[in-house]
Amino acid sequence: MFQPIVDTFEHRILGHECVLRLAQAEPRSDVQPVEAARVRSLAIHSAALQAPRGLYFLNLVPSSIDDPALDMSSTIEAVFDAGMKPGNLVFEIAESDLARDPGHSHRIRDYLRKRGFGFALRGAGVGAGAYSFQTASDFAPDYINLDRRLTQNLNQPVCAPAIGKLVQIAEKSGARVVAEGVDRVRMVENLWLLGVRLMQGHLFGDPSSHIV
């Protein structure tokens, strides 16, 4: 499934998030490296069938990777086999996953960034505190994806200032901020006031198996 990420200033689709849906007999809290690699490869080939020159955001779980050179090799091969380039992919690491083992996440980021892949920090600002902001700054992502709870609760005292702080961090580092969960025009207007131009949500399109 693919959901568009829109540049609301230029009125164009920047890229698509690959939304993965796994059929499982039982709920699981862990994902094995081989299984995770297979899912990434399927997502990459599916994206290439849609638009091989597009930009795709793909979730990456650090705990599913022991050795980046070994566990990401099939993913890198899938990119080239599908006729894509590393610059077509942005790997998303959740702030909560990053917090569990920052060193490991940084090693994964460094390995893949040297090979031309982009990175996004997903669920940013969920803590809305100094640690959360420092995490976003230290990880130095290409994109900072706001936690949807910030986006959808802009009227709460802590949310707008937290978004403003993350926008400032992005401006200093050269990252771009993406607001997720946008489903009303009023939200777009409020996010503009905070300096956010990239948005994703039901207002712009639901996840679909085909890119229009």
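Key figures
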| read-out | value |
| --- | --- |
| Of residues in segment 1-30 being assigned to a loop (DSSP other than H, G, I, E, B) and open to solvent by less than 60 Å² (accessible area, probe 1.4 Å), the one modelled with the lowest pLDDT | Val19 |
| Complete set of residues in segment 44-89 that are within 27 Å of Arg100 (Cα to Cα), among the polar types (S, T, N, Q) and either crowded, with 19+ Cβ neighbours inside 10 Å or in contact (Cβ under 8 Å) with a residue 12 or more places away in the chain (or both) | Asn59, Ser63, Ser64, Ser74, Thr75 |
| Qualifying residue in segment 101-123 (condition: in contact with a Gly (Cβ under 8 Å, 6 or more places away or on another chain), acidic (Asp, Glu) and in contact (Cβ under 8 Å) with a residue 24 or more places away in the chain) | no |
| Among (1) at pLDDT below 95; (2) of a type in the set (S, T, N, Q); (3) under 18 Å from the mean Cα position of the chain (by Cα), the one test that Asn88 misses | (1) |
| Test result for Leu98, within 16 Å of the chain's Cα centre (by Cα), within 24 Å of Arg148 (Cβ to Cβ) and modelled with pLDDT of 95 or more | no |
| Hey, Leu154 of a type in the set (A, V, I, L, M) and either exposed (fewer than 14 other Cβ atoms within 10 Å of the Cβ) or part of a loop (DSSP other than H, G, I, E, B) (or both) or not | yes |
| Check on Arg53, modelled with pLDDT of 90 or more and not in a helix (DSSP H, G or I) | yes |
| Where Val188 falls short, out of the listed (1) within 30 Å of Thr75 (Cα to Cα); (2) in a helix (DSSP H, G or I); (3) of a type in the set (A, V, I, L, M, F, W, C); (4) in contact with a Ser or Thr (Cβ under 9 Å, 6 or more places away or on another chain) | (1) |
| Answer residue from segment 91-132, given it is assigned to a helix (DSSP H, G or I) and small (Gly, Ala, Ser) and is most open to solvent (accessible area, probe 1.4 Å) among those | Ala130 |
| Failed item in (1) under 20 Å from Leu14 (Cβ atoms); (2) under 18 Å from the mean Cα position of the chain (by Cα); (3) modelled with pLDDT of 95 or more; (4) surrounded by 14 or more Cβ atoms within 10 Å (Cβ to Cβ), with Ser173 passing the rest | (3) |
| Identity of the residue in segment 133-142, open to solvent by 30 Å² or more (accessible area, probe 1.4 Å) and not charged (D, E, K, R), that ends up farthest from Val177 (Cα to Cα) | Gln134 |
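The values are calculated or read from the model by the stated rules, or taken from the named source; none is laboratory data. On a predicted model such as this, the values are computed, not experimentally measured, just so you know. With ideal geometry, Cβ positions are generated from the backbone for all residues, glycine too; neighbour counts draw on all protein chains shown. Just the protein is used for accessible areas: all its heavy atoms, side chains included, with ligands, DNA and RNA removed. Shrake-Rupley method; radii C 1.70, N 1.55, O 1.52, S 1.80 Å.
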